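In what follows, a single structure is set out as structure tokens and then discussed.
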Amino acid sequence: MWIALIIALAFLTGTDLSRAFSSSTEGVLLQPLIDATPQGETLLLDKGQTYVGPAIIAKEITIRSEGEATVTNDSEEPVITILADGVVLQDFIVRNLNKDPKKPAILVQSDRNRLERLRIVAQGGGIYLRDANDNEIRGSRIEGANSANRKEAFSKRGNGIDLHGSSRNLIEDNTIIHMHDGVYVESSNAATVRNNYASDSRYGFHFMFSGQPVLEENIGEGNVTGGMVMGVEGAIVHDNRFDKQTENVNSQGILLFDVHRSEISGNRVDGNRVGLYIENSTENILSDNEVSRNFIGMQMIQSDTNSFRNSAFVGNVIQAQSTESVDNELRGNYWEDIEGLDTNGDGYSDMTYEIDPFFLQVTKDIDAFQVFFQSPGMPFLAQMFQADTSNWLKDLAPKMEPPDWYDIAEVSDNRWFPLTLGVLLLILSITIIYRWGYRKS
């Protein structure tokens, strides 16, 4: 049916059918099929069929598949380039064989397009938007072609979804694995990145010089840094979860650099090298965040006039570090190692929780001193050089108990595992000593 339709349309439009089909081993050329599809109509790709790019879409059409049709390309051009507004791509596989990380599988240079439920396997980049506004990218999976090689250099990978000079785009419900950055947003205002999953990449989610971005309900695992926000004003970073960013000395759950007047709330950063890293950032509100089981819970450098409220710092090797940061307001946070005193029973300590900057000051100029972190002599040296504490970061009214939203049961379950394991090992050791030691003697 489709072949008959293509022949008829080709006859009417003058399309050269000599290029419409190639050998069965190479697949069907996609461009002639696009050319033969009328404006506003749908091109249905056959289930299991391979189509060959590159292809350019210069009119408003829909391309979709009812099964796993595949579009592939090994040239220097993107597999698919979208130039028209209002294009819809749905439910097919795209294989980008170009190894140049700057070359995407799909390039969007127009507005109001929808890309849904695509599966992209990329030697280079995934979906790149350039001067493209009001687009939607939903429900797709983008994976580096060499995802089995976790040690592949980031410089050899492209970004999963990359925005530049593009405003008001929605990126939602996507899975991105083994790319350079999972989602990269530069000079693109009002981007909404919601409910995506990114792993095994440099930055799971990366915002640069983009006004009022929204990063919410995303998950980042096993990246160098989960969420990186830089040179941004008016960001909303809300209800994300960033776990196990630990394999690099610069790994963080959330990194805020040169961020101003933004809201960072309801996030969970768990099991990272640094949970929250904040530098050169001002007038931000950080509230209701769970910072747990990180090597360093929070690290703040040269950041002023920020507000921290109702967050929980639990199970971190060191709860927080701060230096050259003044006029920040901490009030009503929970610190697991607090030695507080609540004389009026209001749930808040009458004693402040103070964050000692000594270690950061010692290692600022001589990085090698970091090997002494948590060494027995550090607390002694800190006491010796402790002078005026008026500029220390302090929680003025720390909570005596975790906030109501904090999942104590989950934390308790996680703590019971190592305790139970320790008890079992102790019982095993006693049994071995008794059977092969004490009894034989």
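So the values come out like this:
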| read-out | value |
| --- | --- |
| Rounded to the nearest 20 debye, dipole of the stretch 27-373 from Cβ charges on Lys, Arg, Asp, Glu | 1420 |
| Karplus (6.51, -1.76, 1.60) ³J(HN,Hα), θ = phi - 60°, over the stretch 285-300, in Hz, Gly and Pro reported as x | 10, 10, 9, 6, 9, 9, 10, 9, 6, 8, 5, 10, x, 9, 10, 10 |
| Nearest-0.05 FRET efficiency for Glu339 and Glu116, computed from C-beta distance (R0 60 Å) | 0.65 |
| Where the stretch 27-373 is the region considered: accessible area per residue in Å², 1.4 Å probe | 39 |
| Whole-Hz ³J(HN,Hα) from phi, Karplus 6.51 cos²θ - 1.76 cosθ + 1.60, for the stretch 33-46, glycine and proline x | 5, 5, 4, 8, 8, x, 3, x, 9, 10, 9, 9, 8, 6 |
| Violating pairs (Cα-Cα greater than 30 angstrom) within the set Lys47/Lys99; Lys47/Lys151; Lys151/Lys394; Lys244/Lys399 | Lys47/Lys151; Lys151/Lys394 |
| Pairwise FRET efficiency - Glu283 versus Gln212, Cβ, R0 = 22 Å, nearest 0.05 | 0.90 |
| Loop sites in the stretch 76-128: trypsin sites (Lys or Arg not before Pro), DSSP, at most 11 other Cβ within 10 Å | Lys102 |
| Cα gyration tensor, the stretch 27-373 - rounded (a/c under 1.5), prolate or oblate | prolate |
| At most 16 other Cβ within 10 Å, DSSP loop - GluC sites (Glu not before Pro), the stretch 233-319 | Glu247, Glu283 |
| Whether the stretch 102-150 is rounded, prolate or oblate, judged on the alpha carbon gyration tensor where a/c under 1.5 counts as rounded | oblate |
| Anchor Lys103: aspartates and glutamates whose Cα lies under 13 Å away (excluding residues fewer than 8 positions away in-chain) | Asp74, Glu76, Glu77, Asp162 |
| Selected from Gly234, Ile176, Leu276, residue furthest toward positive end of dipole (the stretch 27-373; charges at beta carbon) | Ile176 |
| Carbon plus sulfur fraction of accessible area for the stretch 27-373, probe 1.4 Å, in percent | 46 |
| Simple Cβ-charge dipole of the stretch 210-281, Lys/Arg +1 and Asp/Glu -1, about Cα centre, in debye nearest 20 | 120 |
| Nonlocal amide H pairs with Gly139, under 5 Å, H built at 1.01 Å | Arg117, Glu172, Asp173, Asn174 |
| In range of the label at Glu68: residues from the stretch 148-185 whose backbone nitrogen is under 20 Å from the point 7 Å along Cα→Cβ | 148-149, 174-178 |
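The values are calculated or read from the model by the stated rules, or taken from the named source; none is laboratory data. Not measured: the values here are computed from a predicted model. All Cβ positions, glycine included, derive from the backbone under ideal geometry; neighbour counts span all protein chains shown. What goes into the accessible areas is simple: the full protein's heavy atoms, side chains included, and nothing from ligands, DNA or RNA. Shrake-Rupley method; radii C 1.70, N 1.55, O 1.52, S 1.80 Å.
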